[in-house]
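The values are calculated or read from the model by the stated rules, or taken from the named source; none is laboratory data. All values derive from a computational prediction rather than experimental measurement. When we count neighbours, we look across all protein chains shown, and the Cβ atoms used for this are built from the backbone with ideal geometry, even at glycine.
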Protein chains: 2
Amino acid sequence: MAFLKVVPLEEALKIINSLPLKPKIEEVALEEALGRVLAEDIHSPIDVPPFDRATVDGYAVRSQDTWNASESNPVVLKVIGEIHAGEEPQIELGEGEAAYISTGAVLPKGADAVIEFEIVERKGDEVIITKPTYPQAGVMKAGTDIPKGTLLLKKGTKLGFKETALLSAVGISKVKVFAKPKVAVISTGNEVILPGEDLKRGKIYDINGRAVSDAVRELGGEAYFLGIARDNEESLKEKILEGLKYDIVILSGGASGGTRDLTASIIEELGEIKVHGIAIQPGKPTIIGVIDGKPIFGLPGYPTSCLTNFTLLVAPLIRKLLGGEFETQRIKKKLAHKVFSVKGRRQFLPVKLEGEIAKPILKGSGAVTSFIEADGFVDIPENVEILEEGEEVEVILFRF
Amino acid sequence: MAFLKVVPLEEALKIINSLPLKPKIEEVALEEALGRVLAEDIHSPIDVPPFDRATVDGYAVRSQDTWNASESNPVVLKVIGEIHAGEEPQIELGEGEAAYISTGAVLPKGADAVIEFEIVERKGDEVIITKPTYPQAGVMKAGTDIPKGTLLLKKGTKLGFKETALLSAVGISKVKVFAKPKVAVISTGNEVILPGEDLKRGKIYDINGRAVSDAVRELGGEAYFLGIARDNEESLKEKILEGLKYDIVILSGGASGGTRDLTASIIEELGEIKVHGIAIQPGKPTIIGVIDGKPIFGLPGYPTSCLTNFTLLVAPLIRKLLGGEFETQRIKKKLAHKVFSVKGRRQFLPVKLEGEIAKPILKGSGAVTSFIEADGFVDIPENVEILEEGEEVEVILFRF
C-alpha cells in the first residue's frame, strides 16, 4: 500500500486542482435561478424600455407646435385619441394634434414629447397649452435604460434577487447555470450513531456527517449523506461504491487508524491513492484518491480537524465546480496573544475573530465545541515556532 | 375612500409592527434545518463525550500502579482484555492490571489513565511501563467538552453548518424553528407580461414579481408569485382573494394611478386601509391594508421604488416573523459628492458603496438599472436640502 505519500499542502492542492473534474452546466427556469451561479454572459436581447415611453400622464404632442405658447398666447391642440399603457397606438399626430397618453404607454408616431395633464387645460376635444415644451420631455426613449446587446451579467455571477429581477426585466426566462456538484458524505466508525438513535454506552453521536453535508450545501453543492460505514472492509466498500454515483465522495474517519488503513486499501483496490497524509496539523491522516475519475477524500475524524481539512481541500474544489476560482479566502488579523507552534509542521489554529483581533481557541482538536466558536484558522508556517501577541497573521475564513 | 391617510414613515412602521401577525413555529428534522431560525433555546440533553473516553490508542491503567515506574525499575502490568471504540467494557481493572484500549473507547472501571502504546513494551499478556503516568492522562472525562444541560444555541439563532453539526453532536434530530412566512406576490398592469412571453409593442416585462419573490426568499420567507393582475376590478380582486390564502400579500402597482385607486377600493371593500401614502420619496403611493387579519401591501410600480419600499416596510415584518427584530440595518458612510434634496420630503437615495464612500445613483426611479447598482439607500431627512461631499450619512443596506 502507498502509505508514504505525505505531501505539503501546496502539492495536495495542485493534485486536487488537476483532478479530471469539470464544471457542468445546466439550464434552469428563472424562477429557480436564485442563488445559482451563471455559466454564461448575459447580454440584453431587447431595448429597455422597448419603445419610446411616456413617463407621466398627460398629452403627447409635437413639441414644435408648443414653442410659441405662452399665458397670453396659448396654443390649442386637437385631441385625436387616447393611448393607454400596454396598447399599440392606432393614431399618428399631425400638425396641431395631441393625444391623451397614460404613464408607461407608447408615444404615438408624430409626437416627440408628453406634457403633464396638471399644467394644461382640457376643453372638450381640445387641450390648451400655455408653456412651450421640448423634444423628449416626459418621454423615456427606447433603450435609454438598457440598450439591446448590453452586457448585463457576467459568467460566474451569483444570482441574487437584484440579478434575477434584471433578467426578468429583459424577458429572459431560462438561464445556464453551473450544476451543483453532487457530493456523497459518509461517516465511519463503530462507535458512531445518528442523532435520534438511543445512546448506548460507548457510542457517540455523529457530527461530521451533518457538518460536511451542510457545509457542502452552504457552498452551493448538493449533499447526499449516505450514513455511517462500520470499521470493516465490507461496510466501507459498500458505502464507497454507493458514493461513486455522485461527483465527489467524502469520508470522515473514525478515531482509529485502522479505518484509515482500510479506507486506503479499498481506494487502492478500486482506483488510485494520490495523497496519503498532508504535512499539516490537523490533517496529517488525510487521504485523497481517485476512483473512476471521481475524487474521494478521507478526512480526519475529529470534527474540527475534519472541517479544517474540508475548508482547505474540498471547498476550493466545490467553488471551482461552481464556476469560481480554486482558492481559499484569506484575511489579515492581529493575534490576541502569544502562541507556540511546533517547528517543522504547518499548523492551522482555530481562532475567534473580534474586530481586527484573532483569538486562538486552545481546546485541542478532540473538543467538538472548538469548531462552533471558530470563525477561521490562522495559517502558521512550518518554520515558525512562536507568534507574538499583536503579530499580523493570515486567517482562512471558516464560513462559506 | 380613505385617500388621505398619508403618514410619516415612523407611523407606517408602527402600524405594520402592530399588525396582528405572530411568528409561527414548526418542528423540522435536523437534515432540513440548515438556514432556518431556532424558535427555542437548545440545552444539551447529554454529556459530550458521554463517557470517560480514551484519547489515544494504548493501555488503560490505574495511574497509581505506575508512580514508581522508571527505566531501571519498570512496572509490569497484566493485560486482562481489549476495549474497542463503540463497545461497553466487560472488564474492571484490579491492582496490577491493564487493558488494551483504542482511541474513542470507554475507559474501563478501575482505570483512570491511558498510556500511549508507542511508549510501552508489550510482551505476551504483559505490558512493561518505564515512566509514571497521572490521573486523567490520555482520557477525556465525560462532559468535559459539553456538560449536560449547557445552553448550546439561543432562540433566534440562524442555523449554519456549524450549528447543525453541534445539534448532531448532542443527538438532537428535530428542532423547533420559525415557520417561513408565506408571501403572495402579485404584479399589476395591462402593459406587463412575463419573461418568456412574446414582447408585443406596448408591453414591458415584469420586474417586480421576480424581484419581490426572490427578495422574500433571500430574507428566509416563502414566496408565491401569483402572476399579473390586469388594471380592472375583477382581475385585481381575484388575485387579492387568492393572495389571502397566504400570510402576507404584496402587490406592486402598475405605472398608473388608476390601479392604485382600484387596489385601494378593493382593500376598503374587503377589509381596511391602514395607510394610503407615506411621506417619503420614493413611496408616496404605497398602500398598507389589512383583510381578514392579513397584511396587504400595495407597493409602487417602478422597480427601484418598489424595492426601496419593500426594504423599508416589508423586510422588517418578515424578519420579525422569523423571530428577529422588527428593524432595518443601517450603517454610516460618507457621501461621494454634494446632493440636493427637496425640503419637506424624506428621501431615500440609492447609492453604490465603495469602501467608506456612498456614491449616489442619479438615474431616476424609472430606470430599472438603478436597483441593480444600488448597495443601499441614503436616508435624507425631510428638513435637509443639501448634503455636502464627504458628509456622514445613514445608509440602509439593500441586501438581506
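Conditions (1) among the hydrophobic types (A, V, I, L, M, F, W, C); (2) assigned by TED's automatic domain parsing to the domain that holds B:V127; (3) modelled with pLDDT of 95 or more, marked per residue:
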residue	(1), (2), (3)
B:L4	yes, no, no
B:D65	no, yes, yes
B:V79	yes, yes, yes
B:S102	no, yes, no
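Hey, A:K294 hits all of (1) over 30 Å from A:L34 (Cβ atoms); (2) surrounded by fewer than 23 Cβ atoms within 10 Å (Cβ to Cβ); (3) away from every other protein chain (no Cβ under 14 Å); (4) of a type outside the set (A, V, I, L, M, F, W, C) but one; which does it fall short on?
Every listed condition holds for A:K294 apart from (1).
Would it be correct to say that B:A336 is at pLDDT 95 or above and over 29 Å from the mean Cα position of the chain (by Cα)?
So B:A336 fits the description; yes.
On the basis of being over 30 Å from B:A29 (Cβ atoms), free of Cβ contacts under 8 Å to residues at least 12 places away in the same chain and among the charged types (D, E, K, R), does B:E197 make the cut? Before you say what the answer is, go through the steps one by one.
Numbers: over 30 Å from B:A29 (Cβ atoms): yes; free of Cβ contacts under 8 Å to residues at least 12 places away in the same chain: yes; among the charged types (D, E, K, R): yes.
Considered against the rule, which asks whether it is over 30 Å from B:A29 (Cβ atoms), free of Cβ contacts under 8 Å to residues at least 12 places away in the same chain and among the charged types (D, E, K, R), B:E197 comes out as yes.
Mind checking which residues of segment B:61-87 are of a type in the set (A, V, I, L, M) and either in contact with a Pro (Cβ under 6 Å, 6 or more places away or on another chain) or more than 14 Å from every other protein chain (Cβ to nearest Cβ) (or both)? Spell out the reasoning first.
The first filter runs over segment B:61-87 and keeps only residues of a type in the set (A, V, I, L, M), leaving B:61, B:69, B:75-77, B:79-80, B:83, B:85.
Once the filter is applied, which keeps residues that are of a type in the set (A, V, I, L, M) and either in contact with a Pro (Cβ under 6 Å, 6 or more places away or on another chain) or more than 14 Å from every other protein chain (Cβ to nearest Cβ) (or both), segment B:61-87 yields B:V61, B:A69, B:V75, B:V76, B:L77, B:V79, B:I80, B:I83.
Looking only at residues in segment A:39-70 that are without any contact (Cβ under 8 Å) to a residue 60 or more places away in the chain and not charged (D, E, K, R), which one is nearest to A:Y134 (Cα to Cα)?
Looking at residues that are without any contact (Cβ under 8 Å) to a residue 60 or more places away in the chain and not charged (D, E, K, R), I get A:Q64.
Considering only segment A:353-366, how many residues are on the phi < 0 side of the Ramachandran plot and within 12 Å of chain B (Cβ to nearest Cβ)? Break it down into steps so the answer makes sense when it comes.
Within segment A:353-366, the first condition is being on the phi < 0 side of the Ramachandran plot, and the residues that meet it are A:353-354, A:356-363, A:365-366.
Then drop every residue that is not within 12 Å of chain B (Cβ to nearest Cβ), which leaves A:363, A:365-366.
The number of residues fulfilling the criteria is 3.
Looking at segment A:219-265, which of the residues that are aliphatic (A, V, I, L, M) and in contact with a Leu (Cβ under 6 Å, 6 or more places away or on another chain) is nearest to A:I204 (Cα to Cα)?
Step one: of segment A:219-265, the residues aliphatic (A, V, I, L, M) are A:219, A:223, A:226, A:228-229, A:236, A:240-241, A:244, A:248-251, A:255, A:262, A:264.
Subset that is in contact with a Leu (Cβ under 6 Å, 6 or more places away or on another chain): A:229, A:236, A:262.
Working: A:A229: 14, A:L236: 19, A:L262: 21 Å.
So, considering only residues that are aliphatic (A, V, I, L, M) and in contact with a Leu (Cβ under 6 Å, 6 or more places away or on another chain), the one nearest to A:I204 (Cα to Cα) is A:A229.
Going through segment B:201-229 one residue at a time, which ones are farther than 14 Å from A:L167 by Cβ, in a loop (DSSP other than H, G, I, E, B) and at the interface with chain A (Cβ under 9 Å from one of its Cβ atoms)?
Across segment B:201-229, the qualifying residues are B:R201, B:G202, B:K203.
Just the residues that are surrounded by fewer than 21 Cβ atoms within 10 Å (Cβ to Cβ) and in contact (Cβ under 8 Å) with a residue 40 or more places away in the chain, please, taken from segment B:122-139. Show your work before the answer.
If we filter segment B:122-139 for residues that are surrounded by fewer than 21 Cβ atoms within 10 Å (Cβ to Cβ), which is where we start, we get B:122-126, B:128, B:130-132, B:134-137.
Of everything in segment B:122-139, those that are surrounded by fewer than 21 Cβ atoms within 10 Å (Cβ to Cβ) and in contact (Cβ under 8 Å) with a residue 40 or more places away in the chain turn out to be B:R122, B:D125, B:E126, B:I128, B:T130, B:K131, B:P132, B:Y134, B:P135, B:A137.
Could you name every one of the strands (runs of 3 or more DSSP E) located completely within segment B:1-115 that has at least 2 residues being within 23 Å of the chain's Cα centre (by Cα) and not aliphatic (A, V, I, L, M)? Can you show your working first?
Details: elements: B:25-29, B:58-61, B:75-83, B:97-101.
Passing ranges, in order: B:25-29.
Kindly evaluate B:R230 against the criterion of being more than 22 Å from A:P195 (Cα to Cα) and out of contact with any Phe, Trp or Tyr (no Cβ under 7 Å at 6 or more places or on another chain). Walk me through how you get there before you give the answer.
On the way: more than 22 Å from A:P195 (Cα to Cα): yes; out of contact with any Phe, Trp or Tyr (no Cβ under 7 Å at 6 or more places or on another chain): yes.
For B:R230, the condition - more than 22 Å from A:P195 (Cα to Cα) and out of contact with any Phe, Trp or Tyr (no Cβ under 7 Å at 6 or more places or on another chain) - is met.
Specify the residue that is farthest from the other protein chains (Cβ to nearest Cβ); the eligible residues are those in segment A:367-383 that are farther than 15 Å from B:V170 by Cα and buried (at least 21 other Cβ atoms within 10 Å of the Cβ).
Of all residues in segment A:367-383, those farther than 15 Å from B:V170 by Cα come to A:373-383.
Subset that is buried (at least 21 other Cβ atoms within 10 Å of the Cβ): A:374, A:376-378, A:380.
Numbers: A:A374: 8, A:G376: 12, A:F377: 13, A:V378: 18, A:I380: 22 Å.
The residue in question is A:I380.
Do the conditions hold for A:L153, that is, is it closer than 30 Å to A:V48 by Cβ, aliphatic (A, V, I, L, M) and out of contact with any Lys or Arg (no Cβ under 6 Å at 6 or more places or on another chain)?
yes
Mind listing just one residue for me: the one in segment A:278-287 that is touching a residue at least 60 places away in the same chain (Cβ under 8 Å) and aliphatic (A, V, I, L, M) and, of those, nearest to A:I250 (Cα to Cα)? First the steps, then the outcome.
Step one: of segment A:278-287, the residues touching a residue at least 60 places away in the same chain (Cβ under 8 Å) are A:278-284, A:286.
Still in the running and aliphatic (A, V, I, L, M): A:278-280.
Numbers: A:I278: 16, A:A279: 20, A:I280: 19 Å.
Checking each candidate, the answer is A:I278.
Residue-by-condition table, conditions (1) modelled with pLDDT of 95 or more; (2) touching a Lys or Arg at 6+ places or on another chain (Cβ under 8 Å); (3) within 26 Å of B:V6 (Cβ to Cβ):
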{"residue": "B:E222", "(1), (2), (3)": "yes, yes, no"}
{"residue": "B:E238", "(1), (2), (3)": "yes, no, no"}
{"residue": "B:D247", "(1), (2), (3)": "yes, yes, no"}
{"residue": "B:I250", "(1), (2), (3)": "yes, no, yes"}
{"residue": "B:T263", "(1), (2), (3)": "no, no, yes"}
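Please return the ranges of helices (runs of 4 or more DSSP H) entirely within segment A:288-400 where 2 or more residues are aromatic (F, W, Y), in contact (Cβ under 8 Å) with a residue 24 or more places away in the chain and outside the structural domain of A:L241 (by TED's automatic domain parsing). Break it down into steps so the answer makes sense when it comes.
Values: elements: A:303-309, A:315-321, A:369-373.
Of the helices (runs of 4 or more DSSP H) lying wholly inside segment A:288-400, none has at least 2 residues that are aromatic (F, W, Y), in contact (Cβ under 8 Å) with a residue 24 or more places away in the chain and outside the structural domain of A:L241 (by TED's automatic domain parsing).
Could you go through segment B:241-260 and let me know if any residue there is in contact (Cβ under 8 Å) with a residue 40 or more places away in the chain, buried (at least 22 other Cβ atoms within 10 Å of the Cβ), more than 13 Å from chain A (Cβ to nearest Cβ) and of a type in the set (K, R).
No, because not a single residue in segment B:241-260 is in contact (Cβ under 8 Å) with a residue 40 or more places away in the chain, buried (at least 22 other Cβ atoms within 10 Å of the Cβ), more than 13 Å from chain A (Cβ to nearest Cβ) and of a type in the set (K, R).
Determine, yes or no, whether A:L236 is more than 8 Å from chain B (Cβ to nearest Cβ), assigned to a helix (DSSP H, G or I) and in contact with a strand residue (DSSP E or B) (Cβ under 6 Å, 6 or more places away or on another chain).
Working: more than 8 Å from chain B (Cβ to nearest Cβ): yes; assigned to a helix (DSSP H, G or I): yes; in contact with a strand residue (DSSP E or B) (Cβ under 6 Å, 6 or more places away or on another chain): yes.
Yes, satisfied.
If you take the residues of segment B:181-200 that are assigned to a loop (DSSP other than H, G, I, E, B) and surrounded by fewer than 19 Cβ atoms within 10 Å (Cβ to Cβ), which of them is farthest from the other protein chains (Cβ to nearest Cβ)?
Per the criteria, the residue is B:D198.
Can you work out which of the residues in segment A:144-155 that are assigned to a loop (DSSP other than H, G, I, E, B) and at pLDDT 95 or above is nearest to the other protein chains (Cβ to nearest Cβ)? Talk me through it step by step, then tell me what you get.
So in segment A:144-155, the residues assigned to a loop (DSSP other than H, G, I, E, B) come out as A:144-145, A:147-150, A:154-155.
Narrowing further to those that are at pLDDT 95 or above: A:147-150, A:154-155.
Details: A:P147: 11, A:K148: 11, A:G149: 14, A:T150: 9, A:K154: 13, A:K155: 17 Å.
The residue in question is A:T150.
Take the residues of segment B:88-112 that are of a type in the set (G, A, S) and surrounded by fewer than 24 Cβ atoms within 10 Å (Cβ to Cβ): which is farthest from the other protein chains (Cβ to nearest Cβ)? Even if it seems obvious, please write down each step before you answer.
Of segment B:88-112, the ones of a type in the set (G, A, S) are B:94, B:96, B:98-99, B:102, B:104-105, B:110-111.
From the residues that got through so far, the ones that are surrounded by fewer than 24 Cβ atoms within 10 Å (Cβ to Cβ) too are B:94, B:96, B:110.
On the way: B:G94: 21, B:G96: 25, B:G110: 16 Å.
Among those that are of a type in the set (G, A, S) and surrounded by fewer than 24 Cβ atoms within 10 Å (Cβ to Cβ), it is B:G96.
In segment A:156-176, which residues are assigned to a loop (DSSP other than H, G, I, E, B) and facing chain B (nearest Cβ under 7 Å)? Show your work before the answer.
Here is the first cut: in segment A:156-176, the residues assigned to a loop (DSSP other than H, G, I, E, B) are A:156-157, A:159-160, A:170-173.
Those that are assigned to a loop (DSSP other than H, G, I, E, B) and facing chain B (nearest Cβ under 7 Å): A:G160, A:V170, A:G171, A:I172, A:S173.
For residues that are surrounded by fewer than 16 Cβ atoms within 10 Å (Cβ to Cβ) and within 14 Å of chain A (Cβ to nearest Cβ), tally how many sit in segment B:324-351.
Matching residues across segment B:324-351 total 0.
Working only within segment A:7-54, note down all residues that are out of contact with any strand residue (DSSP E or B) (no Cβ under 9 Å at 6 or more places or on another chain), among the aliphatic types (A, V, I, L, M) and either within 14 Å of chain B (Cβ to nearest Cβ) or surrounded by fewer than 18 Cβ atoms within 10 Å (Cβ to Cβ) (or both).
A:L34
Given the conditions (1) buried (at least 21 other Cβ atoms within 10 Å of the Cβ); (2) within 12 Å of chain B (Cβ to nearest Cβ); (3) among the basic types (K, R), and given that A:K274 satisfies all but one, which numbered condition is not satisfied?
Answer for A:K274: the failing condition is (2).
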